[in-house]
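Asks: Before I ask anything, here is the structure I am working with.
The values are calculated or read from the model by the stated rules, or taken from the named source; none is laboratory data. What you see is a predicted model, and the numbers here were worked out from it, not measured in a lab. Reconstructed Cβ throughout: ideal geometry from the backbone, glycine too, with neighbour counts over all protein chains shown.
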Amino acid sequence: MKPATVRPFEDDDLAGAAEALTAVHASDGYPVEGIDDPKAWIRSADVLAAWVAEADGQIVGHVSVMRAYGEDAVAFWTEQSGEPATHVAVLARLFVVREARKQALGERLVQAAVSHARAHGLRLVLDVMTKDRSAMRLYERLGWREIGRASHRYGADQSIDAVCYVSPDA
């Protein structure tokens, strides 16, 4: 596989991103929701901006910056920082297919999202399910700081423990 490039998401990327998401779900169990309609989950109306990683003409990774709408991480950060929720966005829908890992694509995708947020005066927060240890290691290595713990609810009365993070200072 040739080295991947990270670039802004385009409408033509939706099918490939949905295929990559389905592959990541099969290999890693991520995400726990949205897999029934991956195109709608990726292209949610709450997406402010998104990027993809592309290699050999295939979408192999994705990340979004999303409008805050009451997530636990948003509540933790606004309470701790005093910042209004209008200055907070959520880093979400980060995934890289197994075959494209070890190219720092997760890091490059996160960096694209953080740069966008900073340019727009936004602070990023997120939550990671405790089962997703490699994602937690990535965020911590990139300087994200734990701001709380919550229970991520999904599906029909299902939940899983999650750790909430805030992006590093500019």
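Asks: Could you list all residues from the range 15-31 that are part of a loop (DSSP other than H, G, I, E, B) and more than 13 Å from the chain's Cα centre (by Cα)?
Replies: Initial filter on the range 15-31 (part of a loop (DSSP other than H, G, I, E, B)): 29-31.
Result: 29, single match.
Asks: Next up: Which of the residues spanning the range 126-170 are in contact with a Pro (Cβ under 7 Å, 6 or more places away or on another chain) and aromatic (Phe, Trp, Tyr)?
Replies: Within the range 126-170, just 144 meets the criteria.
Asks: Which of the numbered conditions does residue 135 fail, given that it passes all the others? Conditions: (1) under 22 Å from residue 35 (Cα atoms); (2) at pLDDT 95 or above.
Replies: Exception for residue 135: condition (2).
Asks: Output the residues belonging to the range 83-111 that are more than 12 Å from residue 135 (Cα to Cα) and either β-branched (Val, Ile, Thr) or touching a Pro at 6+ places or on another chain (Cβ under 8 Å) (or both).
Replies: 86, 88, 90, 97, 103
Asks: If you don't mind, another one. Scan the range 48-73 residue by residue and report those that are part of a helix (DSSP H, G or I) and either surrounded by fewer than 21 Cβ atoms within 10 Å (Cβ to Cβ) or in contact with a helix residue (DSSP H, G or I) (Cβ under 6 Å, 6 or more places away or on another chain) (or both).
Replies: Within the range 48-73, 72 is the sole residue that qualifies.
Asks: Identify the single condition in (1) closer than 17 Å to residue 10 by Cβ; (2) crowded, with 16+ Cβ neighbours inside 10 Å; (3) without any contact (Cβ under 8 Å) to a residue 24 or more places away in the chain that residue 43 does not satisfy, given that it satisfies every other one.
Replies: (3)
Asks: When you look at residue 116, is it surrounded by 18 or more Cβ atoms within 10 Å (Cβ to Cβ) and assigned to a strand (DSSP E or B), yes or no?
Replies: So residue 116 fails the test.
Asks: Would you say residue 12 is assigned to a helix (DSSP H, G or I), farther than 18 Å from residue 113 by Cβ and among the acidic types (Asp, Glu)?
Replies: Answer is yes for this residue.
Asks: Could we say that residue 93 is modelled with pLDDT of 95 or more, assigned to a helix (DSSP H, G or I), within 14 Å of the chain's Cα centre (by Cα) and closer than 28 Å to residue 14 by Cα here? If you could, list the steps in order and put the result at the bottom.
Replies: Values: modelled with pLDDT of 95 or more: yes; assigned to a helix (DSSP H, G or I): no; within 14 Å of the chain's Cα centre (by Cα): yes; closer than 28 Å to residue 14 by Cα: yes.
Judged against the criteria, residue 93 is not a match.
Asks: A further question on this structure: Given the conditions (1) surrounded by fewer than 13 Cβ atoms within 10 Å (Cβ to Cβ); (2) part of a loop (DSSP other than H, G, I, E, B); (3) not charged (D, E, K, R), which single one is not true for residue 103?
Replies: (1)
Asks: Here is a follow-up. Say we look at the range 76-87 and pick out the residues that are surrounded by fewer than 23 Cβ atoms within 10 Å (Cβ to Cβ) and either assigned to a strand (DSSP E or B) or in contact with a strand residue (DSSP E or B) (Cβ under 8 Å, 6 or more places away or on another chain) (or both); which of these is modelled with the lowest pLDDT? Reasoning before the result, please.
Replies: Within the range 76-87, the first condition is being surrounded by fewer than 23 Cβ atoms within 10 Å (Cβ to Cβ), and the residues that meet it are 76, 78-87.
Imposing the further condition that a residue be either assigned to a strand (DSSP E or B) or in contact with a strand residue (DSSP E or B) (Cβ under 8 Å, 6 or more places away or on another chain) (or both) reduces the set to 76, 78, 80-81, 83, 87.
Details: 76: 97, 78: 96, 80: 97, 81: 96, 83: 93, 87: 96.
Among those that are surrounded by fewer than 23 Cβ atoms within 10 Å (Cβ to Cβ) and either assigned to a strand (DSSP E or B) or in contact with a strand residue (DSSP E or B) (Cβ under 8 Å, 6 or more places away or on another chain) (or both), it is 83.
Asks: Residue pairs, Cβ under 9 Å, 6 or more apart or interchain, first in the range 7-36 and over 22 Å from residue 155 (Cβ atoms), second of a type outside the set (Lys, Arg) and surrounded by fewer than 12 Cβ atoms within 10 Å (Cβ to Cβ). List them.
Replies: Note: pairs meeting the criteria are 16/57.
Asks: Now for a different question. For the range 114-132, how many residues are at pLDDT below 95 and over 21 Å from residue 78 (Cβ atoms)?
Replies: Adding up the residues that qualify gives 4.
Asks: Follow-up. For a quick check of your reading of the model, give me the residue pairs whose first member lies in the range 53-73 and is among the basic types (Lys, Arg), whose second is assigned to a strand (DSSP E or B) and modelled with pLDDT of 95 or more, with beta-carbon atoms closer than 7 Å and at least 6 apart or on different chains.
Replies: 67/48; 67/89
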